[in-house]
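Colleague: Here it is, the structure, as structure tokens.
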Amino acid sequence: MAGRCGVPVNATAVALTVTVDNGSTPGPGHVTIWPDGVATPTVSALNYSDRQVRANGVIVGIGFGGAVNLLSLNAAPVIVDVTGWFVPAPVSTSGRFVPIAPTRAIDTREAPRSRPLGQGEVINVPLPPGVPADASALAITLTTTQSAGPGFLTAFPATALLPPTSSLNTDAAGQTRAAGLIVAASPAGLNVYSLSGGHVIVDVAGWFTGASAIDDDDGLFVAESAPRRLIDTRRGDPLWANGGIEIANVAIDAAALVVNVTIINPFHPGHLIAHPARQPIPLTSTVNGITSAEVAASMAVVPTSTAGIGVYSSGGADLVVDVTGWFVGTPPTPIGGPPTNRRPPDCTSTTDPGGLNDFFRGGAALTGADYQRAFTLPDGRILWFFQDPFIRGRYGSSTRLHNAALVQSGTCFTLLQTGTFAAPRDYLFADQTQGDKHWFWPMSGDMGTDGMFHVFVAEMRENGPGYLTQTEPIATWAVTIDPATLQVTDRRPATNSSAALYGWSVTSADDYTYLYAHCHRQFGYDLFPFSFPPVYVHDWDCADELRVARVPKGRFDLALEYWTGSTWSLDSSVAANVIHPDRLVSASQIYWANGKWIAVTKVDDWWGDRVEIDVASQPQGPFTTVRTIPAPAKCSNCNTYFASLLPYRASDGSMIIGLSNNVFGVPDLSRYDPTFFTTPSI
């Protein structure tokens, strides 16, 4: 670079426009540019997809022998145009960068123009207010949208001839592309030429001083010894829709960073905005991503605050930011708080069974789950718990956890888990879970007198050679959750912490809360009748039993009283079975509703074909079957199990029953989700 294209031999950095023409070579790739004489950095200056032509600006330090290195991942032609350079100086009059609040200088979609450029048309972009007439250059983001076809745009000084270079390229009609650039200016601003036509947007982040400026060191450029990566969200959570992220400043005297901002696989069509951290988000854009498979980069000169820079996402996407240097100055103090980046809810059209079935079948957040249980929170939201859910991740992947939750507000659901999007972890007890050898399954719960939601959790251990080959509950835990924030505030062994699992079903009525126990010993115990080859399944000694205890309403910290068959006792050893003893499995859920206790049971678990509803006038029974419902199966070889009742009614007033589904053998996530149906109220 040094001594070529007007670049002085003592230049320390150059401003470039880099174009890759991948039109005749298949496959995606990227271009990396860095100072000669240092190791190849793990960064990118430009990204391109199969058979694309892409361009972007770069400011990079000049290395050994006055050269920069360029690496292209693919065998595609690369064009490098010089737009400026930097030379060493302790102070300077001209060529110093002055950051401004990112400002939209022109948008041909808006009045007064409100029409795209035509083929071969040039549009003038005046200097923004406050920029002196002798400003030597502008730092801009040049964007085209609704492109008329393959072509390019060139930005150049308004008083100059059209140069034989390009600033931004398009491959087809209807595209949206952006590139960050340093463009020499004139008193009349700059011009933008479009070969094919389309809308043009120019955003300005700052300007470079001219001859009328004073001597100063503010605005001098400091090149990184080698470009480096500041953030890559692919290792954790992406930027969610309307979410923001903050990146610390690279130096206390950095008033603007020169970065390459890359948008990766956007969830929805949208854009990223790089801006001073904790300052108002400007009405500009840095880089656009329209398709879900898009990877696009744009250089940006981003003014900073003392908190660094922020990046906002309109539609959600992964983000990569690489830094190549900074301009010296005094960053302003933040005037707002840090950004938020929360996963947005997934919504359905209705909470009737049809809408719920569409939601869970679509797998927006969960691509599979079973043992669905739902509870009403004081503010009307619904808290759902699931066992062994599959969490949807990047690129259609799914990760199985042992527990997760959803909070439902109206028709929208927000996922509750720990970890990150890239590496999700259980909502409960993630720190104590040991893969498929030791884990925790949520059961039932209720509000306590302390204003907190209490959920009972089964601690599980795998004794067999593989997952769910001989699975044993070993303890019961009580977990306290703040119903406002859904944060876990406490966890401890339950008052009855035994493997009897008091808390399998929980319901409150009048002065007491009732805790029903079911052993949940499902896998690897007794031989299933008539099976060949032999299949060892439930522990028949306990699988058809349900016992009940009580505490004063909402007082989960007190000792339990157990129903003995005739009275209530503090002795758990005399607890009696309160449900039908003639079923293979009676993993019932008990609810207090309409002045009666209602038991909902998927009879005979995986093998049965009916759901029964039993009612009783007392929590301990006797329960009488009042309704038998054929269990709707998802497919001819699907099994159904674990029926539960939702805590709200369908729009016609009927009860909504949820039913878990699966197939034997290799998991089929297209079948592994709860389904819902109605039955008239009892």
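Colleague: In the range 488-508, how many residues are outside any loop (DSSP other than H, G, I, E, B) and either open to solvent by 10 Å² or more (accessible area, probe 1.4 Å) or of a type outside the set (S, T, N, Q) (or both)?
Modeller: Of the residues in that region, 12 qualify.
Per-residue answers, yes or no, for (1) small (Gly, Ala, Ser); (2) within 37 Å of the chain's Cα centre (by Cα); (3) surrounded by fewer than 16 Cβ atoms within 10 Å (Cβ to Cβ):
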site: Arg4; (1), (2), (3): no, no, yes
site: Val9; (1), (2), (3): no, no, yes
site: Asp21; (1), (2), (3): no, yes, no
site: Leu71; (1), (2), (3): no, yes, yes
site: Ala75; (1), (2), (3): yes, yes, yes
site: Thr83; (1), (2), (3): no, no, no
site: Val91; (1), (2), (3): no, no, yes
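Colleague: With the structure loaded, tell me whether Ala158 is of a type in the set (Gly, Ala, Ser), open to solvent by 20 Å² or more (accessible area, probe 1.4 Å) and either more than 24 Å from Val302 (Cβ to Cβ) or out of contact with any strand residue (DSSP E or B) (no Cβ under 7 Å at 6 or more places or on another chain) (or both) or whether it fails that test.
Modeller: It is true that Ala158 is of a type in the set (Gly, Ala, Ser), open to solvent by 20 Å² or more (accessible area, probe 1.4 Å) and either more than 24 Å from Val302 (Cβ to Cβ) or out of contact with any strand residue (DSSP E or B) (no Cβ under 7 Å at 6 or more places or on another chain) (or both).
Colleague: Would you mind stating whether Ala211 is outside any strand (DSSP E or B), open to solvent by 40 Å² or more (accessible area, probe 1.4 Å) and either touching a strand residue (DSSP E or B) at 6+ places or on another chain (Cβ under 6 Å) or in contact (Cβ under 8 Å) with a residue 40 or more places away in the chain (or both)?
Modeller: Against the criterion (outside any strand (DSSP E or B), open to solvent by 40 Å² or more (accessible area, probe 1.4 Å) and either touching a strand residue (DSSP E or B) at 6+ places or on another chain (Cβ under 6 Å) or in contact (Cβ under 8 Å) with a residue 40 or more places away in the chain (or both)), Ala211 qualifies.
Colleague: Something else about it: If you take the residues of the range 329-365 that are in a loop (DSSP other than H, G, I, E, B) and among the hydrophobic types (A, V, I, L, M, F, W, C), which of them is nearest to Arg96 (Cα to Cα)?
Modeller: So, considering only residues that are in a loop (DSSP other than H, G, I, E, B) and among the hydrophobic types (A, V, I, L, M, F, W, C), the one nearest to Arg96 (Cα to Cα) is Ile335.
Colleague: Enumerate the pairs (first residue in the range 4-28 and acidic (Asp, Glu); second residue anywhere and surrounded by 13 or more Cβ atoms within 10 Å (Cβ to Cβ) and not in a strand (DSSP E or B)) with beta-carbon separation below 8 Å, excluding pairs fewer than 6 apart on the same chain, so at least 6 apart or on different chains.
Modeller: Partner pairs satisfying both residue conditions: Asp21/Ala76; Asp21/Pro77.
Colleague: Looking at Gly189, Gly197, Gly180 in this structure, which one is open to solvent by less than 30 Å² (accessible area, probe 1.4 Å), at positive phi and touching a Gly at 6+ places or on another chain (Cβ under 6 Å)?
Modeller: Gly197
Colleague: When you go through Ser314, Ser292 one by one, which is the residue that is without any contact (Cβ under 8 Å) to a residue 40 or more places away in the chain and either farther than 30 Å from Pro90 by Cα or out of contact with any helix residue (DSSP H, G or I) (no Cβ under 8 Å at 6 or more places or on another chain) (or both)?
Modeller: Ser292
Colleague: Starting from the range 664-681, keep only residues that are free of Cβ contacts under 8 Å to residues at least 60 places away in the same chain and within 19 Å of Phe385 (Cα to Cα), then list their pairs with residues that are among the charged types (D, E, K, R) and crowded, with 19+ Cβ neighbours inside 10 Å whose Cβ atoms are within a distance under 6 Å, requiring at least 6 positions of separation or different chains.
Modeller: Arg671/Lys634
Colleague: Within the range 93-108, which residues are open to solvent by less than 30 Å² (accessible area, probe 1.4 Å) and part of a strand (DSSP E or B)?
Modeller: Scanning the range 93-108 gives Phe97, Pro102, Asp107.
Colleague: Separate question: Yes or no: Phe152 in a strand (DSSP E or B), open to solvent by less than 20 Å² (accessible area, probe 1.4 Å) and closer than 13 Å to Thr17 by Cβ?
Modeller: No.
Colleague: Further question: Identify, please: which residue in the range 305-318 is surrounded by fewer than 23 Cβ atoms within 10 Å (Cβ to Cβ) and assigned to a strand (DSSP E or B) and is, among those, nearest to the chain's Cα centre (by Cα)?
Modeller: For the range 305-318, the residue satisfying everything is Tyr312.
Colleague: Further question: What pairs can you find where one residue is in the range 65-93 and within 21 Å of Cys5 (Cβ to Cβ) and touching a residue at least 60 places away in the same chain (Cβ under 8 Å), the other is of a type in the set (Ser, Thr, Tyr) and assigned to a loop (DSSP other than H, G, I, E, B), and their Cβ atoms are less than 6 Å apart, with a gap of 6+ or different chains?
Modeller: Partner pairs satisfying both residue conditions: Asp81/Thr165; Phe86/Thr12; Pro88/Thr12.
Colleague: Please work out if Thr324 is in contact with a Pro (Cβ under 6 Å, 6 or more places away or on another chain) and either part of a strand (DSSP E or B) or open to solvent by less than 20 Å² (accessible area, probe 1.4 Å) (or both).
Modeller: Answer is yes for this residue.
Colleague: Shifting gears a bit: Only one of these is among the acidic types (Asp, Glu), at pLDDT 95 or above and more than 30 Å from Ser505 (Cβ to Cβ): Asp370, Asp379, Asp322. Name it.
Modeller: Asp322
Colleague: What number of residues within the range 584-611 are surrounded by fewer than 19 Cβ atoms within 10 Å (Cβ to Cβ) and charged (D, E, K, R)?
Modeller: Residues flagged as surrounded by fewer than 19 Cβ atoms within 10 Å (Cβ to Cβ) and charged (D, E, K, R) within the range 584-611 amount to 4.
Colleague: Which one of Thr350, Thr376 is over 25 Å from His454 (Cα atoms) and open to solvent by 30 Å² or more (accessible area, probe 1.4 Å)?
Modeller: Thr350
Colleague: If you don't mind, another one. In the range 26-48, what residues are farther than 16 Å from Met299 by Cβ and buried (at least 17 other Cβ atoms within 10 Å of the Cβ)?
Modeller: Those that are farther than 16 Å from Met299 by Cβ and buried (at least 17 other Cβ atoms within 10 Å of the Cβ): Gly29, Pro35.
Colleague: What single numbered condition from (1) within 22 Å of the chain's Cα centre (by Cα); (2) modelled with pLDDT of 95 or more fails to hold for Ala293?
Modeller: (2)
Colleague: Now, a different point. Looking at Arg555, Arg521, can you tell me which residue is in contact with a Ser or Thr (Cβ under 7 Å, 6 or more places away or on another chain), basic (Lys, Arg) and touching a residue at least 40 places away in the same chain (Cβ under 8 Å)?
Modeller: Arg555
Colleague: Against the condition on the phi > 0 side of the Ramachandran plot, touching a strand residue (DSSP E or B) at 6+ places or on another chain (Cβ under 9 Å) and not in a strand (DSSP E or B), how does Gly65 come out, does it pass?
Modeller: no
The values are calculated or read from the model by the stated rules, or taken from the named source; none is laboratory data. Small disclaimer: the values here were computed from a predicted structure and weren't measured. Because the Cβ atoms are built from the backbone with ideal geometry, glycine has one as well, and the counts that use them run over all protein chains shown. Areas reflect the complete protein model, heavy atoms only, side chains present, ligands, DNA and RNA absent. Shrake-Rupley method; radii C 1.70, N 1.55, O 1.52, S 1.80 Å.
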